[in-house]
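Okay, so here's the structure we're looking at.
The values are calculated or read from the model by the stated rules, or taken from the named source; none is laboratory data. Owing to the predicted nature of the structure, the values given are computational and were not obtained by experimental measurement. Note that each Cβ is placed from the backbone with ideal geometry, even for glycine, and that neighbours are counted across all protein chains shown. All accessible areas refer to the heavy atoms of the entire protein, side chains included, with ligands and DNA or RNA removed. Shrake-Rupley method; radii C 1.70, N 1.55, O 1.52, S 1.80 Å.
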Amino acid sequence: MGRWAAAVVGLLVVWSVGEAKKKEKVCDKGWECSGSKYCCNETITDYFQVYQFENLFSKRNAPVAHAVGFWDYHSFITAAAVYEPLGFGTTGGKQMGMKEVAAFLGHVGSKTSCGYGLASGGPLAWGLCYNHELSPSQSYCADDYKYPCTPGAEYYGRGALPVYWNYNYGLVGESLKIDLLNHPEYLEQNATLAFQAAIWRWMTPMKKKQPSAHDVFVGNWKPSKNDTLEKRLPGFGMTMNILYADLVCGQGYIDSMNNIISHYQYYLDLMGVGREVSGDNLDCAEQKALNPSGTSASS
């Protein structure tokens, strides 16, 4: 083959690879999921519908709840639509998608619950009762060069996975392109934004070369030898390690950890998946913290 012919073949190969990349199938499902190959398969609204959301959070609009009328299905799906093309609820087939939604909402439900042992409907029926901390124990303002406190702003816990401290509001706001450092109150005024901030936290590693909660849950992460020695393994337990570190993990079978697991399994049951498929490594009772206290964007 002559040089000219070889060059033409080389160009054709490059062109065909480029065309293959161009032709990778992408789909649109309207407001729910668009412009991604992930949207071509079942997405969250195919398996998680309004009535299921209402079942999971059946007491959120009870007269004694603290965020009546704030949280709704449409806000959750609108927020999820931003992350479905990145794999949120769309990775690993329908069952894994349902499990991931149950896992994520298990965290949300436990962190926003006002349920207690004798509450009507049971203690697990009261997720999304709050959208902000009612009685802050401190100002949550720390010296930070990059995200200094705004005079008059309060950085107490707000949102679906409550955000605390000025530096976390700054980080989350920068990532979502919303000025949360100057206006932390936005997280208790807009349910879609509150869900979006929580899903961002679920989908985003906090440090380079570390996994996100999403990664460890859907099987995108392989633990190192050091992770294995410190009992950090793929599964729901590791999601708690990433989100709360030693505030919840490595403390044995404490109530705060058990409560999160209970919400996850309760939601699996209500979604029709069943707690028997909760997965391996459900707890983090003996896991060493990936990032010790004070380094996570929610607590």
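Of the solvent-accessible surface of the chain, computed with a 1.4 Å probe and all protein chains present, 54% belongs to carbon and sulfur. Which residue, ASN166, ILE242, GLY92, has the largest displacement toward the positive end of the dipole of the chain when charges sit on each Cβ (Lys, Arg +1; Asp, Glu -1)? The listed residue farthest towards the positive side: GLY92.
Taking N as the number of residues in the chain, what value does Rg over Cα atoms divided by 2.2 N^0.38 Å take?
On the way: Rg = 21.3 Å, N = 299, 2.2 N^0.38 = 19.2 Å.
Dividing the Cα Rg of the chain by 2.2 N^0.38 Å gives 1.11.
Ordering SER224, SER137, SER75 from largest to smallest accessible area (1.4 angstrom probe), what's the sequence? Spell out each step's value before the answer.
On the way: SER224 55, SER137 100, SER75 15 Å².
Accessible-area ranking of SER224, SER137, SER75, largest first: SER137, SER224, SER75.
Residues whose amide H comes within less than 5 Å of that of SER36, counting only those at least five positions distant or on another chain, are CYS27 (H built at 1.01 Å from N in the peptide plane).
Seen from a random direction on average, the alpha-carbon convex hull of region 121-163 projects onto 4.1 square nanometres. Taken along the Cα-to-beta-carbon direction at a fixed 7 Å, the label points for ASN182 and LYS222 span 4.7 nm. Between 0 and 90 degrees, the angle of helix 255-270 with respect to the longest Cα principal axis of the chain falls at about 60 degrees. Excluding ligands, DNA and RNA, the accessible surface per residue across region 150-299 is 42 Å² with a 1.4 Å probe.
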